[in-house]
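To keep things clear, I will list the structure first and then write my remarks on it.
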Amino acid sequence: MKLSLIFILAYLIGSFPSGVIIGRVFCHKDPRDAGSHNIGTTNSYRVLGPIAGTAVLFLDILKGTLAASLPIIFHIPNHSLVLVVGLAAVIGHAYSIFLRFTGGKAVATSAGILLAYNPLFFVIASTIFISVILITSMVSMASIIGPLLIAILSFYTHDWLLGTIATLVLIFLTYRHRENIGRIKNGTENLVPFGLYYRYKQKNANKGVFLCDHLKID
């Protein structure tokens with residue numbers, strides 16, 4: 001009975017629509033009305049601005065951490081349940097009962113679970129995520145490569161449960177990012193305005209403009 005209650009609470013915590021609440025209360029906007037129409041961190045940055053977007057990021061991470069910590073809060077001496085219960089929060093974020101079972105892609109919420117389970121792995125995952133963004137200028141790429149490397153590292157360190165959960169999260173995030181993957185293949189994926197690839201694209205674009213300007217015939 002207690003375990004069932006914990007899973008329900010974890011799902012409800014994950015369902016809390018951080019982006020929508022912050023957008024409506026503080027910005028008088030709904031992130032679902034513009035950009036990628038997503039309630040997650042990336043679109044919140046795009047639609048609501050960096051301050052509100054950062055608030056959404058921290059709240060979404062907190063959702064995962066709080067939900068995954070419920071077994072500890074309820075004094076259930078099984079640390080493995082932290083990961084399993086945390087998955088309910090991921091499902092809640094992606095299919096929120098408060099948003100008619102729609103939601104975000106659950107990247108930040110998944111990271112929050114890792115923070116509750118193993119803070120060191122959270123730091124490693126965050127470093128990987130930021131590094132991939134700085135190289136590719138794509139949040140979607142980082143959202144897939146991050147869990148992939150964590151899964152590989154988990155199996156390498158013989159943490160089979162974390163490796164299995166990370167693999168499940170990877171499959172789920174890959175599915176949630178299927179449109180992004182299509183745009184990456186087509187070379188039309190949205191880029192953040194920083195990073196090596198963004199600078200490369202800007203440099204090439206500027207070269208093209210410079211060349212065309214000098215080839216004009218009066």
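The values are calculated or read from the model by the stated rules, or taken from the named source; none is laboratory data. Only a predicted model underlies this, so the values are computations on that prediction, with no experimental measurement involved. Using ideal geometry, Cβ is built from the backbone for each residue, glycine included, and neighbour counts are taken over all protein chains shown. Please note that ligands, DNA and RNA were not included when accessible areas were found on the heavy atoms of the full protein model with its side chains. Shrake-Rupley method; radii C 1.70, N 1.55, O 1.52, S 1.80 Å.
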Computed over the chain, protein heavy atoms only, probe 1.4 angstrom, the accessible area per residue in square angstrom equals 56
Probe 1.4 Å, all chains present, heavy atoms only: Thr127 accessible area in Å², nearest 10, is 80
In nanometres, the difference between 0.36 nm per residue of separation and the alpha-carbon distance of Asp30 and Met1 is 6.7 nm
Under a Gaussian network model of the chain whose springs join Cα atoms within less than 10 Å, the largest fluctuation of Ser44, Ser18, Ser36 belongs to Ser36
A student applying the Cα gyration tensor rule (rounded when a/c is under 1.5; otherwise prolate if a/b is larger than b/c, oblate if not) would label the range 93-134 oblate
Among Tyr11, Tyr198, Tyr156, the residue with the largest mean-square fluctuation in a Gaussian network model of the chain built from Cα contacts under 10 Å is Tyr156
To the nearest 0.05, the calculated FRET efficiency linking Ser126 and Thr157 through their beta-carbon distance, R0 being 22 Å, is 0.80
For the chain, Rg(Cα) over 2.2 N^0.38 Å is 1.14
The answer for the longest stretch of the chain without any exposed trypsin sites (Lys or Arg not before Pro) (DSSP loop, at most 14 further Cβ atoms within 10 Å) is 101-215
Rounded to one decimal in nm, the spacing of the 7 Å Cα→Cβ label points at Ile72 and Leu99 is 2.7
Applying the gyration tensor rule to the Cα atoms of the range 85-168 (axes a ≥ b ≥ c; rounded if a/c under 1.5, else prolate if a/b exceeds b/c, else oblate), the class is oblate
Pseudo-spin-label distance Ile51 to Thr164, built 7 Å along Cα→Cβ, given in nm, is 4.6
Rounded to a whole %, the carbon-and-sulfur portion of the accessible area of the chain at a 1.4 Å probe is 71
TM-like helix rule applied to the chain (DSSP H, alpha carbon span at least 15 Å on the long axis, mean Kyte-Doolittle at least 1.0) gives 2-15, 50-68, 80-94, 107-117, 119-136, 139-156, 160-176
Expected unfolding gain across Phe58-His79 under the 0.36 nm per residue rule, minus the alpha-carbon gap, is 5.2 nm
Computed, not fitted: 222 nm per-residue ellipticity of the chain from DSSP H runs ≥ 4 (each -39500 (n - 2.57)), nearest 500, equal to -23000 deg cm²/dmol
1/(1 + (r/R0)^6) with r = Cβ-Cβ of Asn186 and Asn206, R0 = 25 Å, i.e. FRET efficiency to nearest 0.05, evaluates to 0.65
Most fluctuating of Leu48, Leu114, Leu196 in the GNM of the chain (C-alpha, under 10 Å) is Leu196
